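Shown next, in structure tokens, is the structure this report addresses.
The values are calculated or read from the model by the stated rules, or taken from the named source; none is laboratory data. All of these numbers come straight from a predicted model, not from anything done at the bench. Note that we place each Cβ from the backbone using ideal geometry, even for glycine, and neighbour counts take in every protein chain shown.
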Amino acid sequence: MKILLDENLPHDLRYFLSGHEVFTVAYMGWSGMENGELLKIAGDSGFDVMLTKDSGVEYEQPLAALPIAVVVMKAKANKLDDIRPLLPAVLSALANLQPRTLVRIG
């Protein structure tokens, strides 16, 4: 699965997603884009899912119009130590992910 890590997540999270192609928003050169534009360009670039901590994404985009799946992680902070406990649920969600859906974890 090709995964895009939103800029509000630690880059080192990619090391915990083995078996997937993982790229950061910064690596792709897409920093500062609004969510709608970011999701569209990610879909056009072959990404399957975006992982984010931005819970507002579900209110900014009509869910039926999502170009790719989105996994929203709700953690106390965007530090790896706060996100790490969510990883088993994230990996499970990725294994069962349907295209163009939004999944909330945490």
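What the table below lists for this structure:
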| read-out | value |
| --- | --- |
| Options LYS2, LYS74, LYS40: the member that is out of contact with any strand residue (DSSP E or B) (no Cβ under 8 Å at 6 or more places or on another chain) and basic (Lys, Arg) | LYS40 |
| Every residue from the range 43-62 that is farther than 21 Å from LEU86 by Cβ and touching a residue at least 12 places away in the same chain (Cβ under 8 Å) | GLY43, ASP44, SER45, GLY46, GLU60, GLN61 |
| Search result, residues across the range 43-63 that are of a type in the set (A, V, I, L, M) and touching an Asp or Glu at 6+ places or on another chain (Cβ under 9 Å) | MET50, LEU51, VAL57 |
| Condition met for THR24 (surrounded by 14 or more Cβ atoms within 10 Å (Cβ to Cβ), in contact (Cβ under 8 Å) with a residue 12 or more places away in the chain, out of contact with any helix residue (DSSP H, G or I) (no Cβ under 6 Å at 6 or more places or on another chain) and of a type in the set (Ser, Thr, Tyr)) | no |
| Of all residues making up the range 48-99, the number that are at pLDDT 90 or above, among the small types (Gly, Ala, Ser) and exposed (fewer than 12 other Cβ atoms within 10 Å of the Cβ) | 2 |
| Where LEU9 falls short, out of the listed (1) touching a strand residue (DSSP E or B) at 6+ places or on another chain (Cβ under 9 Å); (2) under 15 Å from THR101 (Cα atoms); (3) buried (at least 17 other Cβ atoms within 10 Å of the Cβ); (4) not basic (Lys, Arg) | (2) |
| Checking ASP44 against (1) within 20 Å of PRO99 (Cα to Cα); (2) under 13 Å from the mean Cα position of the chain (by Cα), the condition it does not meet | (2) |
| Boolean, SER45 is small (Gly, Ala, Ser) and closer than 23 Å to GLY106 by Cα | no |
| Members of the range 70-103 that are closer than 16 Å to ILE3 by Cα and in contact with a helix residue (DSSP H, G or I) (Cβ under 9 Å, 6 or more places away or on another chain) | VAL70, VAL71, VAL72, MET73, LEU87, VAL90, LEU91, ARG100, THR101, LEU102, VAL103 |
